[in-house]
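Notes for the one structure printed next.
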Amino acid sequence: MTETELREVLAEYLTLLQGHPSAEAFMAAVLTEDFETGFDGGFTWKGLDGLRDFLSQRAGFFDERHTIKDVLAMDEPADDDVRANTRLEFFLRRWEAPSPTSEEFTGSCYHHWRLRRERDGWRVAAQIVERFDDLNPPAERLFATPDEGLNR
């Protein structure tokens, strides 16, 4: 896998995530059946049921942007397995009643990814948050307890 191919698969993942798909549609499009996401050393969501829970916790976000800025490392330990570390910048917006305004969440996020080649192409097997940088105050609150998931 080249860095360009990696960026294409991750861009597809992030575009789908931003579109708020059902867990079933998301998994069918780009994820492995054993997909996991979460926080390194903290809370993780695994498989289809975990993905449903993860997506439900993100349901209030809109006007999302996740942009891979840097591929920091990439390793292919086997022909059908890729591991990568990235830095992305994110922007999320959420509105909750009765607030007259929406809340914005911004910052940088460092991930490690596992991708696996399956019969139909490359799929994301894991997206794990390693750490954050440059979080604005709302994002600091949202991601304050990685052992518990997202602070709602």
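Rundown of residues vs (1) among the basic types (Lys, Arg); (2) over 15 Å from the mean Cα position of the chain (by Cα); (3) modelled with pLDDT of 95 or more, yes/no style:
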{"position": "Ala23", "(1), (2), (3)": "no, no, yes"}
{"position": "Phe39", "(1), (2), (3)": "no, no, no"}
{"position": "Lys46", "(1), (2), (3)": "yes, no, yes"}
{"position": "Ala59", "(1), (2), (3)": "no, no, no"}
{"position": "Leu72", "(1), (2), (3)": "no, yes, yes"}
{"position": "Ala84", "(1), (2), (3)": "no, no, yes"}
{"position": "Phe91", "(1), (2), (3)": "no, no, yes"}
{"position": "Thr101", "(1), (2), (3)": "no, yes, no"}
{"position": "Phe105", "(1), (2), (3)": "no, no, yes"}
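State all residues of region 58-73 that are open to solvent by 60 Å² or more (accessible area, probe 1.4 Å) and part of a strand (DSSP E or B); if no residue qualifies, say none. Walk me through it before giving the result.
Step one: of region 58-73, the residues open to solvent by 60 Å² or more (accessible area, probe 1.4 Å) are 59, 62-63, 65, 67, 69, 72.
Answer for region 58-73, where residues must be open to solvent by 60 Å² or more (accessible area, probe 1.4 Å) and part of a strand (DSSP E or B): Phe62, Asp63, Arg65, Thr67, Lys69, Leu72.
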Considering only region 134-145, state which residues are open to solvent by 50 Å² or more (accessible area, probe 1.4 Å) and at pLDDT below 85.
Ala144
Among the residues of region 120-133, are any without any contact (Cβ under 8 Å) to a residue 40 or more places away in the chain, farther than 23 Å from Ala25 by Cβ and surrounded by 13 or more Cβ atoms within 10 Å (Cβ to Cβ)?
yes
Residue under evaluation Glu76, criteria (1) at pLDDT 95 or above; (2) assigned to a strand (DSSP E or B), criterion not met
(1)
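The values are calculated or read from the model by the stated rules, or taken from the named source; none is laboratory data. Since the model is a prediction, treat every value here as computed from it, not as a measurement. Counting neighbours? That spans all protein chains shown, and the Cβs are built from the backbone with ideal geometry, glycine included. Protein only, heavy atoms only, side chains kept; ligands, DNA and RNA dropped before computing areas. Shrake-Rupley method; radii C 1.70, N 1.55, O 1.52, S 1.80 Å.
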